[in-house]
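Chemist: Handing you a structure now.
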Amino acid sequence: MAPALRAAPEFEIQKWLNTDQPCTLEALRGKVVVVYAFQMLCPGCVEHSVPQARKVRALFPAEDVAVLGLHTVFEHHEAMGEIALKAFLHEYRLDFPVGIDEPSGDSLDPVPKTMRRYNLQGTPTTLMIDRQGRLRKQKFGHEQDMVLGAEIMALMREAPEESLGQQAPPEEKTPADTHHCSDESCPL
């Protein structure tokens, strides 16, 4: 028998945009949660993940699927502050809640706290959390729309007891020999 899934860790957010209330995974229990970890200067985020997040938000009912953004900046900190992010959200018409990942506070380790907590490899990363608050997918790089849509539907249709005892798939690993952004992703 596979070990039971663990609860997805809560986010450590400096500030939430596009919402009056902080978004917690505990408060979102009962919904499938799709989280897009991005940086506004990441080519793969702008070209693939941001448009995909808008599609997911438009296609799936809000009472079943919550879409969140996680702006997690591990490079070019001075260029990607809150004011620039607000302009980015306006220009790209992103109306779902976006959390600004809490900075590490350590000049030797620029990786923000939620990014570290989830052991993210870079941006974009998609996280999928089931109705019971368990991490079911963590994908670095772009995921194909049809694959993601099918996975969201499967989680929406899953009875609560079906997810018990299943193990989260391991995060897909990619070579970390370069720190340059490509059209697909920006690795750490």
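Chemist: Starting from the amide H of VAL73, placed 1.01 Å from N in the peptide plane, find each other amide H under 5 Å away whose residue is 5 or more places distant or on another chain.
Modeler: Amide H neighbours of VAL73: ASP101.
Chemist: Read phi for every residue in the stretch 95-107 and hand back ³J(HN,Hα) as whole Hz from Karplus 6.51 cos²θ - 1.76 cosθ + 1.60, θ = phi - 60°, with x for Gly and Pro.
Modeler: 10, 7, x, 10, x, 8, 4, 5, x, 5, x, 10, 5
Chemist: Follow-up question, since we're still on this one. What percent does the relative contact order of the stretch 31-126 come to when contacts are Cα pairs within less than 8 Å and at least six residues apart?
Modeler: It comes to 38 percent, rounded to a whole number.
Chemist: Gain in length, ILE83 to MET146, computed as 0.36 nm per residue apart minus the alpha-carbon separation, to one decimal in nm?
Modeler: Stretched fully, the ILE83-MET146 segment lengthens by 19.3 nm.
Bear in mind that the values in this text are calculations on the coordinates, not laboratory data. Predicted, not measured: the structure shown is a model, and the values here were computed from it.
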